[in-house]
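The values are calculated or read from the model by the stated rules, or taken from the named source; none is laboratory data. Note that the structure is predicted; figures quoted are calculated from it, not measured. Here the Cβ positions follow ideal geometry from the backbone for every residue, glycine too, while neighbour counts run over all protein chains shown.
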């Protein structure tokens, strides 16, 4: 029976590992990643497998994601080592028919954990609990926009200030033909006023601060015409 006592902590660690991976997926999703990618990234970080260069780039460029993945790696290494040690100890300390019994108990316990993991009701309660806890943290007050705006696929967001002698000054948006270049003006900050989704008839005046989204190659050409501002509250243009 001595081997049986090693099985209990083994199964507990496996179950806790499932909870940690699920929580990591929820945390990554709350940074702006889609659920399928978040779940895969969480499992990859916890097990130390499955990362590609592109997936690593998505994580490394985001401070909150880096922190989440770092913790998943640390907890994953500790959890996997614990499972290996306790499971091995269970088999080594068993004798005769007890080895077969412990193997069956381990397999039965893993199957039970698998069934619990597949239960949507239990999974949802755990995910909702994690979401409530994370929403109290400053890192999760605002979801990241990189994935939604496809920054890693060659798109970016820039905030520029229109100078007096700029070629953008005193021009209507329609005359600048930004849409033809695949650029979208999201808004114009004029003093304390915010002009949301301006039309082609709106005119840019000196000191306007314009937020533009589009392909990086096109944003660079527009940015050369004026002054790029610090991206406080915005995502800075990403040069690659």
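Every test in (1) more than 24 Å from residue 19 (Cβ to Cβ); (2) at pLDDT 65 or above; (3) surrounded by fewer than 15 Cβ atoms within 10 Å (Cβ to Cβ) is passed by residue 156 save one, and that test is (3). Just a yes or no: is a residue in region 215-233 touching a helix residue (DSSP H, G or I) at 6+ places or on another chain (Cβ under 8 Å), in a loop (DSSP other than H, G, I, E, B) and modelled with pLDDT under 75? No, every residue in region 215-233 fails to be touching a helix residue (DSSP H, G or I) at 6+ places or on another chain (Cβ under 8 Å), in a loop (DSSP other than H, G, I, E, B) and modelled with pLDDT under 75. When we screen 36, 57 for residues that are modelled with pLDDT under 75 and either assigned to a helix (DSSP H, G or I) or within 19 Å of residue 127 (Cα to Cα) (or both), the only hit is 57. When 31, 10, 82 are screened for being assigned to a helix (DSSP H, G or I), modelled with pLDDT under 85, assigned by TED's automatic domain parsing to the domain that holds residue 131 and buried (at least 19 other Cβ atoms within 10 Å of the Cβ), only 10 passes.
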